[in-house]
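Read the figures in this text as sums done on the coordinates, not as results from a lab. All values derive from a computational prediction rather than experimental measurement. Because the Cβ atoms are built from the backbone with ideal geometry, glycine has one as well, and the counts that use them run over all protein chains shown.
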Amino acid sequence: MITASHKKRWVIFFRIYASWHLRRLFHDVRYHVLDNDIDTAKESPGRAHKGSILVVSNHFSFWDGFIHMLFVHKIFKKNIFIMMLEEQLKKHPFLRYGGCFSVDRGKRDVAESLRYSCKILENPANALLIFPQGEVESLYTNDFSFMKGAGYIMDHSAACRVWMNVNLINYYSLKKPVLNIYLKRYHGESGLLQESFNLFARECRQKESPKITGKKLL
C-alpha cells in the first residue's frame, strides 16, 4: 500500500487550493449539523474536538477530497487522512502529501490498509475520511451499499467519534449551485452503519430547502 506523508507546505497548499476552487465551483458552501447530542452541540468551529474522528461520507465527485480537506480543518480542527483507491493514488501521487493513502480492493493488502486506518485513529489529532460505497455514485442514489472495511475500522477504533456526512448540491435560482454539507454524529454499532447512513441521507434530502440555509463555511 501507499502510505500518507503529510507535508506542511503541501497541506497549506491543498487548503488554499480547495478554498479557491470551491469558490469558483459553487455560489456558496454551507454546513448543517443534525445532531441532538448535547456535548456535540456545544462544539463549534474554532475549537478542537476531543478524540480522533472517522468521517463516513457519500462519494459523488472528483472534488470530494478537497471538500473534506477544507471542512474537516475548519470544523473539526484535525489532520485529515483520506483512503482512496491505489490506482487513483498512483495517478496522482502528490496527494499523499495532503494525507491520502491507498487501498487495493480484492487484494490481500486491503487488511494492511485497514490496520493503517486504525493506527491513524489512535492519534486524537487525526480525522480519517472513508467512502464505504467504494466508488463514485450519483447524488440521487437512494440506498448506499457499504463494503466491510468501515465496520472493521469502527470495531477496532473504539475511542474515535464517528460522523456521517452527506454532501448535496442545490441550484435554487442561481447560476452556480450551493454545496450543502450535512453532518450527524453516529452512536450505533458498526453492523447498523449502512442502514443508519441511508436513513440519514434521506433526512438530508428532506432538509433541502428552497431557501439557502445553514452556516457559511466559505
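Taking only the C-alpha atoms of region 8-216, the Rg (one decimal) and the largest Cα-Cα distance, Dmax (whole number), read 16.3, 49 Å. If the segment from Lys175 to Ile12 were pulled out straight at 0.36 nm per residue, it would be longer than the present Cα-Cα gap by 55.7 nm. Ordered by the count of other Cβ atoms within 10 Å of each Cβ, fewest first, His68, His27 give His27, His68. Other residues within the sphere of radius under 14 Å centred on the Cβ of His32, judged by their own Cβ, net out at +4 (K and R +1, D and E -1). In this structure, the amide hydrogen of Arg161, modeled 1.01 Å from its nitrogen in the peptide plane, lies closer than 5 angstrom to those of Ser52, Ile53, Leu54, counting only residues at least 5 positions away or on a different chain.
Among Leu183, Leu34, Leu128, the largest mean-square fluctuation in a Gaussian network model of the chain (Cα springs under 10 Å) belongs to Leu34.
Would you mind working out the magnitude of the charge dipole of region 8-216 relative to its Cα centre, with +1 at each Lys and Arg C-beta and -1 at each Asp and Glu C-beta, to the nearest 20 Debye? Here region 8-216 has a charge dipole of around 1060 debye.
The 3J(HN,Hα) values that the Karplus relation (6.51, -1.76, 1.60; θ = phi - 60°) gives for region 64-71 are, in residue order, 4, x, 5, 4, 6, 4, 6, 6 Hz. Gly and Pro appear as x. Restricting attention to region 82-218, lysine pairs at least eight places apart or on different chains and with alpha-carbon atoms under 30 angstrom apart total 29. Computed extension length for His187-Tyr140: 14.4 nm, one decimal, from 0.36 nm per residue of separation with the Cα-Cα distance subtracted.
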